[in-house]
Amino acid sequence: LSGCIHESKTIMSSSQEYAEYFDIVTQDSTTAIIVTYPSSQQVDTLRVNSPMARLICMSSSHVAALSAIGADKHIIAVSGLKYISDQDLKHNDVKDIGYDAALDYEAILELQPDLLVTYAVFGAEPAYVSKLRSLGVRTLVLHDHLEQHPLARTEYVRLFGALTGRMEVADSVYHDVRDRYLELSANVDRTTKVKVLINVPYGDAWYIPGREGYMSQLVRDAGGEILGAVPGESASSVVSLEQAYEYSLEADLWLNPGPCRTREELAAAHHMFPHFGPMAKGLPIYNNIRCVNEGGGNDFWESGAVRPDLILEDLISIMNHARGGEKADSLYYHVGL
């Protein structure tokens, strides 16, 4: 097994169906995992000659991918154990090695991982990665959270299958989720699109995902459209409270209103919220917080990265309610307010 080889060249086209930022190339007994950086032409190549048995995961979505293919036993440490939703992992004597700017480098070295897998928030390599590599810790930076199609994020199970020698299982998991997702979307009622108000302000900024973004894709595949989503953009835009109020008057549904679990909590969160369309008209409001654990981690962002079919199934039921159907009660990640 060699470490990551950093190259700067034209980004290679991927053989994956949806994922843009990784590829897997196998030749003889060697598998090469090729990761491209969204923000530059940097390419990392990790060659795997034998399955890796000791992995450190900095992202809960990577934990979910390994768990989905039955390789969670290879996880020896994570970043932020209290936020992990996978209960089996918490019983496996997994260590917590801290966070980005406050990593426990001594603990990492003592654990002697085969590989530490992390992520780059904005697509650029985090500063701590250079230090890890200087200490001899093999480190791979992934960009699954920047993939915009839900099935692209699922496809990362194949990458972890390549790392752990479980490609056959990983392919099976991916194909099962992909086929179910596409079947669900194909049978959606698209005669009328449900107009969706999404989110609440974070600080002073109300973020709305671009029309090509991850949440917009999920909502669109479920038969809805996010109000204010900018066409041709994947990044979120910021709108004022006043603009969000205007959107709310058109909305059939309010989705993911922050941490609120009841309409009363939502009404108390801001003096304007009781006047927003879905609140004032008694229209459906749903939040993706059914699976928040005691530490504050949300399984929507953990296992949901691998199982967008379950998210889509929730959203289809929610859209049906917004069209006048029955309230969606049997949901996996969402709750009705």
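The values are calculated or read from the model by the stated rules, or taken from the named source; none is laboratory data. If you're wondering where the values come from, they're calculated on a predicted model, not measured in any experiment. Don't worry about glycine lacking a Cβ; one is built from the backbone with ideal geometry, like all the others, and counts go over all protein chains shown. Surface areas here come from the heavy atoms of the whole protein model, side chains and all, with no ligands, DNA or RNA. Shrake-Rupley method; radii C 1.70, N 1.55, O 1.52, S 1.80 Å.
Which of the three applies to the range 22-91, rounded, prolate or oblate, going by the alpha-carbon gyration tensor with a ≥ b ≥ c and a/c under 1.5 meaning rounded? Oblate is the answer for the range 22-91, as a/c is 1.5 or above yet b/c matches or exceeds a/b. Each residue of the range 253-269 was assigned a 3J(HN,Hα) from its phi angle through the Karplus expression (A = 6.51, B = -1.76, C = 1.60, θ = phi - 60°), giving 7, 10, 10, 6, x, x, x, 5, 10, 9, 5, 5, 4, 5, 5, 7, 6 Hz with x at Gly and Pro. In this structure MET58 has an accessible area near 10 Å², from a 1.4 Å probe over the protein heavy atoms.
With the convex hull drawn around the C-alpha atoms of the range 77-203, the volume per residue stands at 167 Å³.
Specify whether the C-alpha gyration tensor of the range 80-131 places it in the rounded, prolate or oblate class, a ≥ b ≥ c being the square roots of the eigenvalues: rounded for a/c under 1.5, otherwise prolate if a/b is larger than b/c and oblate if not. Judged from the Cα gyration tensor, the range 80-131 comes out oblate (a/c at least 1.5, b/c at or above a/b).
Just the number please: accessible area per residue for the range 264-318, 1.4 Å probe, all protein chains included, in Å².
40 Å²
Structural size metrics of the range 126-196, computed from C-alpha coordinates, are Rg and Dmax of 17.9, 58 Å. Each 10 Å bin, from zero up to the one with the longest distance, holds this percent of the alpha carbon pairs of the range 138-294: 10, 31, 32, 19, 7, 1.
Contact order for the range 31-176, expressed relative to its length and based on alpha carbon pairs under 8 Å spaced 6+ residues apart, stands at 27 percent.
Counting only the Cα atoms, the range 232-337 fills a convex hull of 134 Å³ per residue. Full extension of the chain segment joining VAL238 with GLN27 gains 71.3 nm, where the gain is 0.36 nm per residue of separation less the Cα-Cα distance. Rounded, prolate or oblate: which one fits the range 33-150, using the alpha carbon gyration tensor with axes a ≥ b ≥ c (rounded when a/c is under 1.5, else prolate when a/b beats b/c, else oblate)? Cα axes put the range 33-150 in the rounded bin.
Structure note, pairs LYS82/LYS327; LYS95/LYS131; LYS90/LYS327; LYS90/LYS193: Cα-Cα distances above 30 angstrom occur for LYS82/LYS327; LYS90/LYS327; LYS90/LYS193.
Only protein heavy atoms count here; on that basis, with a 1.4 Å probe, HIS270 has an accessible area of about 50 Å². Calculated on the alpha-carbon coordinates, the convex hull of the range 281-337 measures out at 76 cubic angstrom per residue. Placing a pseudo-label 7 Å from each Cα along the Cα-to-Cβ vector at ALA268 and LEU109 gives an inter-label distance of 5.0 nm.
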